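K.L.:
Before we start, here is the structure in question, set down as structure tokens.
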Amino acid sequence: MSFDNLPSTRREFVAATLAAGAASAAPAAQDRISLAAWSLNRSFRAGKWKNLELPKILRDKLGIDALEYVNQFFENPTLGYLRRLKRACEQSGVTSVLIMVDDEDPMAAPDRKDRMDAAIAHRKWVDVAHFLGCHAIRCNMRGGPADWKQDPDLVSRAAESFSDLLTYAQGSGLKIVIENHGGSSSNPDVLAALMKKINHPNFGLMVDLGNWNKGDDHYEAIRKTLPWAKSVSVKDVPGWDLEKKLRQCLDSGYHGFWGVESGARDLPAGSSPDATFDAEIQAALKIKAVLERVVLKRA
């Protein structure tokens, strides 16, 4: 992945953004359904579509007008590429919501150089998200053991690197959010402790309704993390009541983007790219229908 053609400093990049007429990232003022591009990850890996085609896919196949990108899907995000992507969104009437940032970890590494290198690695995605008009980037908190109680310094280490990233993003209006994404990051007490320690208005959580550790009470974990929710990732998990979780979010006072993060379960091995894509579209439409019934009608 090359960023050689992007402006060399954040100041130059922001200037280019303003020159292109990009507005500052605006917070979501109402309940809207968005699509997490990860919902279509299997067909992407099968070569069915490219990132630049996503806005049209959302409009034509899903009737969704807000997009959560995955950084792994950006082919070559030079300034020219980003302009084309932004234009594709404008032509399809699609809002750029956030970028899910993976493979730039670990933000809580025991070694200070490793975690600060990770913080620096996230900076380019702050700039890309700001240019596209997103309101946030979603980060992971990696670097601690699955049993966080064995690592009493975990929260302090994560606070150092995320505070550095927040300082870099200052002035852009961009939010930095962490997703519960496995291991110690899926422990609601760890996430709550980190939120309290940093205590910054542009720092919060993407509360994934399904990504909790085995044996955890999902409803209780969601209750503990909702006070810091800047985004909700809507995932249906067998054995848990999705509608109950959505009502729980609404009752907490959450309003904003509700990101469909689905997947084609039980897809036969060797399925063609077309069959994979169709199955992923149907899975996303199923979650969308639940959101329309439970969230939008109530709103």
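The values are calculated or read from the model by the stated rules, or taken from the named source; none is laboratory data. Note that this is a predicted model, so its numbers are computed, not measured. Cβ coordinates were reconstructed from backbone atoms using ideal geometry, including for glycine residues, and neighbour counts include every protein chain displayed.
K.L.:
Whether any residue in the range 29-45 is at pLDDT below 95, farther than 15 Å from residue 206 by Cβ and surrounded by fewer than 21 Cβ atoms within 10 Å (Cβ to Cβ) is what I want to check.
P.N.:
Checked against the condition, which is being at pLDDT below 95, farther than 15 Å from residue 206 by Cβ and surrounded by fewer than 21 Cβ atoms within 10 Å (Cβ to Cβ), the range 29-45 yields at least one hit.
K.L.:
Checking residue 233 against (1) modelled with pLDDT of 95 or more; (2) of a type outside the set (A, V, I, L, M, F, W, C); (3) more than 22 Å from residue 190 (Cα to Cα): exactly one of these is not met. Which one?
P.N.:
(3)
K.L.:
If I filter the range 52-77 down to residues being within 19 Å of the chain's Cα centre (by Cα) and at pLDDT below 95, which single residue comes out as nearest to residue 37 (Cα to Cα)?
P.N.:
Among those residues, the one meeting the criterion is 75.
K.L.:
On to the next question. Looking at (1) surrounded by 13 or more Cβ atoms within 10 Å (Cβ to Cβ); (2) farther than 15 Å from residue 43 by Cβ, find the lone condition where residue 285 falls short.
P.N.:
Residue 285 satisfies all of (1) surrounded by 13 or more Cβ atoms within 10 Å (Cβ to Cβ); (2) farther than 15 Å from residue 43 by Cβ except (2).
K.L.:
Continuing with the same structure: Quick check on the range 255-268. Is at least one of its residues in contact with a Leu (Cβ under 8 Å, 6 or more places away or on another chain) and over 23 Å from residue 55 (Cβ atoms)?
P.N.:
Within the range 255-268, none of the residues are in contact with a Leu (Cβ under 8 Å, 6 or more places away or on another chain) and over 23 Å from residue 55 (Cβ atoms).
K.L.:
Being in contact (Cβ under 8 Å) with a residue 60 or more places away in the chain and at negative phi is the requirement here; does residue 273 meet it?
P.N.:
yes
K.L.:
Which of the residues belonging to the range 246-299 are farther than 14 Å from residue 236 by Cα, modelled with pLDDT of 95 or more and in a loop (DSSP other than H, G, I, E, B)?
P.N.:
253, 254, 255, 256, 272
K.L.:
Let me confirm something: among 204, 171, which residue is farther than 19 Å from residue 253 by Cβ, not in a helix (DSSP H, G or I) and not polar (S, T, N, Q)?
P.N.:
Criteria check complete, one pass: 171.
K.L.:
Moving to a separate point now. For the range 224-278, give me each residue that is closer than 24 Å to residue 32 by Cβ and either touching a Pro at 6+ places or on another chain (Cβ under 7 Å) or among the charged types (D, E, K, R) (or both).
P.N.:
Across the range 224-278, the qualifying residues are 225, 230, 235, 236, 241, 243, 244, 245, 247, 251, 261.
K.L.:
Moving on to the next point. Would you mention how many residues in the range 116-154 are out of contact with any Phe, Trp or Tyr (no Cβ under 8 Å at 6 or more places or on another chain), over 21 Å from residue 72 (Cβ atoms) and surrounded by 23 or more Cβ atoms within 10 Å (Cβ to Cβ)?
P.N.:
1
K.L.:
Only one residue in 113, 48 is within 20 Å of residue 275 (Cβ to Cβ), at pLDDT 95 or above and not small (Gly, Ala, Ser), so which one is that?
P.N.:
Of the residues listed, the single one that is within 20 Å of residue 275 (Cβ to Cβ), at pLDDT 95 or above and not small (Gly, Ala, Ser) is 48.
K.L.:
Continuing with the same structure: Just to be sure before I move on: is residue 252 crowded, with 22+ Cβ neighbours inside 10 Å and of a type outside the set (Asp, Glu) in the structure I sent?
P.N.:
no
K.L.:
Only one of (1) under 23 Å from residue 70 (Cβ atoms); (2) part of a loop (DSSP other than H, G, I, E, B) is not met by residue 225, so which one is it?
P.N.:
It fails just one condition, (2).
K.L.:
Follow-up question, since we're still on this one. Go through the residues of the range 147-155 one by one and say whether even a single one is among the polar types (S, T, N, Q), part of a helix (DSSP H, G or I), within 30 Å of residue 217 (Cα to Cα) and out of contact with any strand residue (DSSP E or B) (no Cβ under 9 Å at 6 or more places or on another chain).
P.N.:
Yes; the residues of the range 147-155 include at least one that is among the polar types (S, T, N, Q), part of a helix (DSSP H, G or I), within 30 Å of residue 217 (Cα to Cα) and out of contact with any strand residue (DSSP E or B) (no Cβ under 9 Å at 6 or more places or on another chain).
K.L.:
Right, something else. Within the range 135-170, which residues are among the β-branched types (Val, Ile, Thr) and under 25 Å from residue 215 (Cβ atoms)?
P.N.:
Selection gives 155 alone.
K.L.:
Here's another thing I want to ask about it. Sort through 258, 212, 228, 240 and tell me the only one that's in contact with a Gly (Cβ under 7 Å, 6 or more places away or on another chain) and of a type in the set (Phe, Trp, Tyr).
P.N.:
228
K.L.:
Right, next: Does residue 184 satisfy being assigned to a helix (DSSP H, G or I) and modelled with pLDDT under 95?
P.N.:
Considered against the rule, which asks whether it is assigned to a helix (DSSP H, G or I) and modelled with pLDDT under 95, residue 184 comes out as yes.
K.L.:
Further, regarding this structure: Quick one: would you say residue 228 is surrounded by 15 or more Cβ atoms within 10 Å (Cβ to Cβ), more than 23 Å from residue 61 (Cβ to Cβ) and modelled with pLDDT of 95 or more?
P.N.:
Yes; evaluated as a whole, the condition is true for this residue.
K.L.:
Run residue 80 past the list (1) touching a Pro at 6+ places or on another chain (Cβ under 9 Å); (2) modelled with pLDDT of 95 or more and report the number of the one that doesn't hold.
P.N.:
Going through (1) touching a Pro at 6+ places or on another chain (Cβ under 9 Å); (2) modelled with pLDDT of 95 or more one by one, residue 80 breaks only (1).
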